[in-house]
Amino acid sequence: MNIKKILYTTALFVSAGTLSVQAQDKKATEKTTEDKTIAEEIEVVRPYKPVLAEAVKLRRSPDLNDVQTYKARFNYGLTNRRLELNSDINKLQAQQVAQERPDTLLNNFLKGGLGTSATTLAEAYINIGRDEGLQAGGFFRHFGQEGKLNGQKFNQQQLSVFGKSIMDEFTLSGRINYQRNGLYFYGQDPNGSFINENPEKQAFNFIEAEGEIASSYTPDEAALSYAAKINGYVWSDRFNAKENSVVLNGYLNKRISSFNLGLASSLEMGNTKDLNVNVNNHLLKVNPYIRLQTNGIKINAGINLVQEFGSFSELRIFPAVTADLTLIPEYLQLFGELKGDVNRNSLKQLTDDNPFLMNNIEIQNTVEKISFTGGIKGTGGPGFGYQAKIYHKELEQLPLFVNDFNNPSQFDVIYDFGTTKLLGIEGEISVQISNALKWTGRMNLENYKPASERESWFKPQLRLNSNLLYHVNDKLSFNAAVVLQDDTKAKLYTAQPASPYILPNPDTETVVNVKGFVDFGLGADYKINKKFSAFVKANNILNNQNGRFLYYQAIGFNAFGGLTYSF
């Protein structure tokens, strides 16, 4: 029995061992086969088991009976404030904008230039700087040119000092000017009717002083407004002509409700001397008025009382009425004026208009008997402004220029005795498309009906002025200007006229046409840096030789340039 059990047990272990060997062989075979195709590497990492050092281990449990709490100390500041039940939306407070840093102003500059036609230019301007209560400075300018004709030379010097003080109740201002004009009587006839080989030299000296006091602005509408000004000058030429003048002006205005009561007055005292001339020409003007200003309507009604005394003596009373009606605020406004006045003629005024005058000029006053003006003005939007008016004047003793019989290169002054009628139209437009482009234009159309003369000598019917300014960028800018004048008429004597001259004699006179002209100029400015800039300018680009007066040609095309230094 034991032997059978041993045999059975031995057979069972042998069978199990055989199966185990076969299985291992098979797996080895399969593994061998797989190794031929796939290479794998298996890395087994065991989990991390931290080991604490003996010193870190806590051997005791926490004390759960520690229940002590920490009490912080607080300090309270209670404000007794009323509770407001307001459901309205509170106004938002705008945040203050940080004050801009003021720009550094360059108050002074020096300018100089040279060019063709012997052109010389020198300018200087000096100012004390930014001050709300005091302004003072000075200005100097020299400009000279020379043409191709014999004696065709011009030069001008100007020096001015000014000041202004703004106080709480009034403002004081004043200035002193000196001006000198040098030239030659270079007129000559291209057709050879007379010879002017040695043109005479002429020079005008003018010294002027002016002072003014005016009330400062006040919000009190019932306050009294006032102003007073005094102006005086001394004038002389290179020969024997001398002139002086003192003018006093005063103004008072008092507002009562919608009305203004005012008084404007002036006293003009002048004396003109030459070899054969000594004229005391004085005027006293008084202009009381009442002004209504309400609801876009402004009417100023008064009289202009003028007393001539000295060499002339006569009292005249003229109307002085102006009206403004606003139809569309800022866009359309109608205006009109009806007035009369006496205009004092002087050698200073006449030589400013025509510097080629002879000696012993007769001085008379021009009476503006009646003058009417009406028109419209306003804006057409941002950057666009306009004005157009029509006017009619009746003038007594209108001064006119005529060539002297003995010396045609010099001019005499005659007066159109009687009433000259003038009808004119004037229009002006200003367009600013942007900060880079601005254009202005002005046109005058005038029609004269002389009293005793055949024509209003050297009075053009059409005058046109236009200016264009274009900024390419902050450094470069261009400018252009056009001046146009229509043909005029001149009178030449064929025989010696009567002296003193009163009425024209057609048998001893002839009419000559003086051609008009167009003067077109271009200029450019370039800012090199904050202190230096360069400029260039060209005049009479069309090279037009026609001048304003007979026998006097204009300087042809000329150009000059230079530098400006600001400090």
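Summarising the amide proton neighbourhood of GLY383: residues at separation of 5 or more, or on other chains, whose placed amide H is nearer than 5 Å comprise an empty set. Computed 3J(HN,Hα) for the stretch 540-551, one whole-Hz value per residue from the Karplus formula 6.51 cos²θ - 1.76 cosθ + 1.60 where θ = phi - 60°, is 6, 4, 6, 6, 7, 8, 6, x, 6, 10, 4, 6, glycine and proline marked x.
Neighbours of ARG463 by Cβ distance under 9 Å: Lys/Arg scored +1, Asp/Glu scored -1, total -1.
Working from Cα pairs under 8 Å separated by at least six residues, relative contact order for the stretch 360-518 is 17 percent. As a length-normalised measure over Cα pairs under 8 Å and 6 or more apart, the relative contact order of the stretch 268-335 settles at 24 percent. In terms of the mean number of neighbouring beta-carbon atoms within 10 Å, the peptides 221-229, 261-269, 394-402 order highest first as 394-402, 261-269, 221-229.
If we count every other residue with Cβ under 12 angstrom of THR488's Cβ, Lys/Arg +1 and Asp/Glu -1, where does the sum land?
The answer is +2.
Judged by the mean number of other Cβ atoms found within 10 Å, the most tightly packed of the peptides 551-562, 487-498 leads the ranking 551-562, 487-498.
For Cα Rg over 2.2 N^0.38 Å, which listed value, (i) 1.00; (ii) 0.96; (iii) 1.97, comes from the coordinates shown? Of the listed options (i) 1.00; (ii) 0.96; (iii) 1.97, (iii) comes from this structure.
A straight line joining the Cα centroids of the stretch 387-402 and the stretch 333-362 runs 10 Å.
Annotation: amide H-H contacts under 5 Å for LEU332 (H modelled 1.01 Å from N, sequence separation of 5 or more, or interchain): LEU327, THR379.
Taking θ as phi - 60° and the Karplus parameters 6.51, -1.76 and 1.60, the scalar couplings of the stretch 205-214 work out to 10, 9, 10, 9, 9, 8, x, 8, 10, 9 Hz in sequence order, x denoting glycine and proline. Summed over qualifying helices (DSSP H, 4 residues or more, each -39500 (n - 2.57)) and divided by its residue number, the chain shows a 222 nm mean residue ellipticity of -2500 deg cm²/dmol. Each Cα pair under 8 Å and six or more residues apart adds its sequence gap; the mean of these over the residue count of the chain is a relative contact order of 8 percent.
The long axis of helix 2-35 is offset from the longest Cα principal axis of the chain by roughly 20 degrees. Remark: the stretch 265-277, residue by residue, has Karplus-estimated 3J(HN,Hα) of 8, 8, 10, 10, 10, x, 9, 10, 10, 8, 4, 10, 10 Hz, where x stands for each Gly or Pro and the curve is 6.51 cos²θ - 1.76 cosθ + 1.60 at θ = phi - 60°.
What net charge do the residues around ASP341 carry, taking every other residue with its C-beta under 14 Å from that of ASP341, with Lys and Arg at +1 and Asp and Glu at -1?
With Lys, Arg at +1 and Asp, Glu at -1, the net is -1.
Using a cut-off of 22 Å between Cα atoms, the listed pairs LYS153/LYS273; LYS377/LYS438; LYS298/LYS421; LYS369/LYS515; LYS369/LYS489 include LYS153/LYS273; LYS298/LYS421; LYS369/LYS515; LYS369/LYS489 as exceeding that distance. Rounded to the nearest 0.05, what FRET efficiency is calculated for ASN249 and GLN545 with R0 set to 35 Å and r the Cβ-Cβ distance? According to the calculation, E is roughly 0.20. The listed peptides 233-242, 165-174, ordered by packing as a protection proxy, come out as 233-242, 165-174 (highest mean of other Cβ atoms within 10 Å first). Annotation: amide H-H contacts under 5 Å for ASN546 (H modelled 1.01 Å from N, sequence separation of 5 or more, or interchain): ALA554. Modelled spin-label separation between SER452 and LEU267, with each label point placed 7 Å from Cα along the Cα-to-Cβ direction: 3.4 nm.
Put a plus charge on the Cβ of each Lys and Arg, a minus charge on the Cβ of each Asp and Glu, and nothing anywhere else: the dipole of the chain about its Cα centre is then about 3000 debye.
Here, each number is a calculation from the coordinates, and none is a lab measurement. Everything numeric in this text was worked out from a predicted model, so none of it was measured. All Cβ positions, even for glycine, are placed from backbone atoms using ideal geometry, and neighbour counts span all protein chains on display.
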